[in-house]
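Quick notes on the structure that follows.
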Amino acid sequence: MPKVLSYTPDWLSRPNPGYHLFAPKHTNGNGVAARKKDFGPRKTIAARGSEIFVAVGHEIRWADLVNLKEGNEPSYRTLKVLIPLPITRLVMSPHEDYLAVSTSHTVHVIHLPDSAMLEDSDSTPIKPKTFQVGPTAHVTEESPVATTLWHPLGYHGRCLVTITKAGVVRLWEVNRAARSTFSEPTLSIDLPKLADATNDQADLSASQFGASKGFSPDSVDLEVASACFGDFPEQEGVHGWAPMTLWIATVSGDVYALCPLLPSKWQLDESTGAFTFLETLTSSINVNYTNLSEETDVPRDELRSAEKQVSWLSDILYEEPFVEALPSGDKVKVFARPTSTPPVPLLQGPFPITPEVDDFELSDMIVYSLKTLSDGSNEEAAEGLPTAVVCLLTDTCQVHVCLDLQGIVGRWLPSPEVSSMQALLNATLTIAGRR
């Protein structure tokens, strides 16, 4: 039997003000909130220090838990935003200045007020600046939104990633000074197209709104349940591939990965984690290429993949990043996405789960990268593998904890020349086998 560790504290229970922070506002007439159709995992609480933002129906409420516990006024305040559908997800940006708000078919970004403004004794609702993301991409006629994420390496922490149930991944590098950044993504990837693609010249972008869509045998299997990034670069010891690896879980129980997935402009803070980030990337790519080059029977596609990784890394290391000073006095290094490889990586997977488990449907996932084998120093570079712990939640409330020992590294589709040569080689081997 499970052991109860604690119950809801008194200051969050009825009739105290903390209870009303989470209480539904609208009911169906008999005191029970009306249930909405489920479009994936609900994440309706976002935190900023001791502050929390809570979504209740169409409404967003703010409270400071310290003040709430001590009984200070106001107990909570309402953010007055125009959200057309019940809110299903709240996601705080890395710099905690923006809040991504998504419903089943819409996505919005709120520029959050400072804590001092929210803590004002005035209890009237606050109307923050709000932008709709993808007003023609995320609409009720299109696929529902499966999840929203902030890219760990986004410039100023403002690269929003949206993923629909139909498997369309979009990167939005939002900028308040350019309203078009909220209307057009800088990168869009149709996962069913990517699964069927044979070379990197194929059109892998999402179809425009209203365009007819052809049937793909992979469309059902790639119904997205959830997604997450491998880790965050400020965490000390995180391998460089992890923050640019997007893990994707499908409803049917498969797990895929996109690596490297980068915005057109990305940054690294001055931190110990950022230092090991580049060192682990450099050491793992160079060691892998050296080992494969010395082998005589290595598959040609593996060697080509290693060569592409070296070219991709050279774009990062040998092009001087722009160093930007922040108002806080800290500095960040701003990089451009490498151009020697396509912006769309290979769709890796599905990955087998060993030992095999009974059929199930996935509803959510979370991934933790494992610490590298060494921290690095001036004399020796940090080493390690991009290994990870993948936690999968099923529709039957079971949690499967999987250990990825091999690790996800950057891979891309082959070029058309390589694809043609491989097809010719396969045809030759087939003919030879029939003789």
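The values are calculated or read from the model by the stated rules, or taken from the named source; none is laboratory data. Only a predicted model underlies this, so the values are computations on that prediction, with no experimental measurement involved. Note: ideal-geometry Cβ built from the backbone for every residue, glycine included; neighbour counts use all protein chains shown. Just the protein is used for accessible areas: all its heavy atoms, side chains included, with ligands, DNA and RNA removed. Shrake-Rupley method; radii C 1.70, N 1.55, O 1.52, S 1.80 Å.
Based on this model, can you work out whether VAL334 counts as open to solvent by less than 30 Å² (accessible area, probe 1.4 Å), at pLDDT 85 or above and within 30 Å of THR164 (Cβ to Cβ)? Taking the combined requirement at face value, the residue satisfies it. Scanning the range 306-352 for residues that are among the β-branched types (Val, Ile, Thr), without any contact (Cβ under 8 Å) to a residue 60 or more places away in the chain and either part of a strand (DSSP E or B) or closer than 30 Å to VAL399 by Cα (or both) returns a single hit, VAL323.
Residue by residue, here is whether (1) at pLDDT below 95; (2) farther than 22 Å from TRP247 by Cβ; (3) not hydroxyl-bearing (Ser, Thr, Tyr) holds:
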site	(1), (2), (3)
LEU82	yes, yes, yes
LEU85	yes, yes, yes
ARG89	no, no, yes
ASP114	yes, yes, yes
SER121	yes, yes, no
ILE126	yes, yes, yes
THR140	yes, yes, no
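When PHE232 is tested against (1) crowded, with 20+ Cβ neighbours inside 10 Å; (2) within 16 Å of the chain's Cα centre (by Cα), exactly one condition is not met: (1). The listed residues are GLU324, GLU294, and the only one of them that is exposed (fewer than 13 other Cβ atoms within 10 Å of the Cβ) and modelled with pLDDT of 85 or more turns out to be GLU294. Can you name the residue in the range 149-162 that is part of a strand (DSSP E or B) and touching a residue at least 60 places away in the same chain (Cβ under 8 Å) and, of all such residues, is surrounded by the fewest Cβ atoms within 10 Å (Cβ to Cβ)? Restricting to residues being part of a strand (DSSP E or B) and touching a residue at least 60 places away in the same chain (Cβ under 8 Å), the top hit is LEU149.
Let's see how each residue does on (1) at pLDDT below 55; (2) of a type in the set (Ser, Thr, Tyr); (3) open to solvent by 70 Å² or more (accessible area, probe 1.4 Å):
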{"residue": "LEU5", "(1), (2), (3)": "no, no, yes"}
{"residue": "SER13", "(1), (2), (3)": "no, yes, no"}
{"residue": "PRO17", "(1), (2), (3)": "no, no, no"}
{"residue": "PRO24", "(1), (2), (3)": "no, no, yes"}
{"residue": "ASN30", "(1), (2), (3)": "yes, no, yes"}
{"residue": "LYS36", "(1), (2), (3)": "yes, no, yes"}
{"residue": "PHE39", "(1), (2), (3)": "no, no, no"}
{"residue": "THR44", "(1), (2), (3)": "no, yes, no"}
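A single member of SER284, SER271, SER252 is without any contact (Cβ under 8 Å) to a residue 60 or more places away in the chain and among the small types (Gly, Ala, Ser), and it is SER271. For the range 107-148, the tally of residues that are farther than 22 Å from LEU187 by Cα and either more than 21 Å from the chain's Cα centre (by Cα) or assigned to a loop (DSSP other than H, G, I, E, B) (or both) stands at 19.
Inside the range 253-287, residues that are of a type in the set (S, T, N, Q) and open to solvent by 60 Å² or more (accessible area, probe 1.4 Å) make up a count of 2.
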